[in-house]
Amino acid sequence: MKLEELLKDLDEDLIAKEYKRIENEIYITCEKNSNSSTCPYCNELSSSIHSKYTRTIVDLPIQNNEVKLLLIVRKFFCTNPNCNHKTFGERFDFVFPKAVRTKRLDDYINKMGLRDNSMDTVRNLKDIGINVSSNTVLRIVKKN
């Protein structure tokens, strides 16, 4: 299976720019393959790019290696003169705004946390390449 296919599970428009492995971590630099984005505040479509920044998102591990997505996020100008926001960052369905983990990783941690106590969950997750604290496990379980 190719890396591109794994990314398509997250988002059909996501493309890998490069990847590298450093010790037990896999870094995948990726971005959306689209020319525009919709303003989350007014739903206006914009193709006017303001800037770019990189967001680091942790995903499910691959062969006990922690996976970190280096997500290149574009900021757009909102072209709607009636919108209260002049710029906005593009959104991704697989991660909540300002989150550091993918939704599917949070779901997996939640399932493990519901099955075991938080300390056992942390140990079991660490064995497969997911590094979280017991407080994070409890926060995720409580949220869901």
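Scanning the stretch 50-65 for residues that are among the hydrophobic types (A, V, I, L, M, F, W, C) and surrounded by 15 or more Cβ atoms within 10 Å (Cβ to Cβ) yields 57, 58, 60.
One line per residue, one yes/no per condition, for (1) outside the structural domain of residue 79 (by TED's automatic domain parsing); (2) under 15 Å from residue 56 (Cα atoms); (3) within 13 Å of the chain's Cα centre (by Cα); (4) modelled with pLDDT of 90 or more:
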site: 5; (1), (2), (3), (4): no, no, no, no
site: 9; (1), (2), (3), (4): no, no, yes, no
site: 12; (1), (2), (3), (4): no, no, no, yes
site: 15; (1), (2), (3), (4): no, no, no, yes
site: 27; (1), (2), (3), (4): no, yes, yes, yes
site: 30; (1), (2), (3), (4): no, yes, yes, yes
site: 35; (1), (2), (3), (4): no, no, no, yes
site: 41; (1), (2), (3), (4): no, no, no, yes
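Residue-by-condition table, conditions (1) within 28 Å of residue 22 (Cβ to Cβ); (2) out of contact with any strand residue (DSSP E or B) (no Cβ under 8 Å at 6 or more places or on another chain); (3) of a type in the set (Ser, Thr, Tyr):
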{"position": "50", "(1), (2), (3)": "no, no, no"}
{"position": "63", "(1), (2), (3)": "yes, yes, no"}
{"position": "86", "(1), (2), (3)": "no, no, no"}
{"position": "91", "(1), (2), (3)": "no, no, no"}
{"position": "113", "(1), (2), (3)": "no, yes, no"}
{"position": "119", "(1), (2), (3)": "no, yes, no"}
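The set of residues in the stretch 20-41 being at negative phi and loosely packed, with under 15 Cβ neighbours inside 10 Å consists of 20, 21, 22, 24, 33, 34, 35, 36, 40, 41. In the stretch 111-132, the residues that are surrounded by 13 or more Cβ atoms within 10 Å (Cβ to Cβ) form Cβ pairs under 8 Å with partners that are among the acidic types (Asp, Glu), at six or more places apart or across chains, as follows: 124/116; 129/66; 130/66; 131/66.
Across the stretch 46-98, the qualifying residues are those that are assigned to a strand (DSSP E or B) and of a type in the set (Asp, Glu), and the one among them that is farthest from residue 27 (Cα to Cα) is 59.
The values are calculated or read from the model by the stated rules, or taken from the named source; none is laboratory data. Quick caveat: nothing in here was measured; it's all calculated off a predicted structure. A quick note on method: Cβ atoms are made from the backbone with ideal geometry, for glycine too, and the neighbour counts reach across all protein chains shown.
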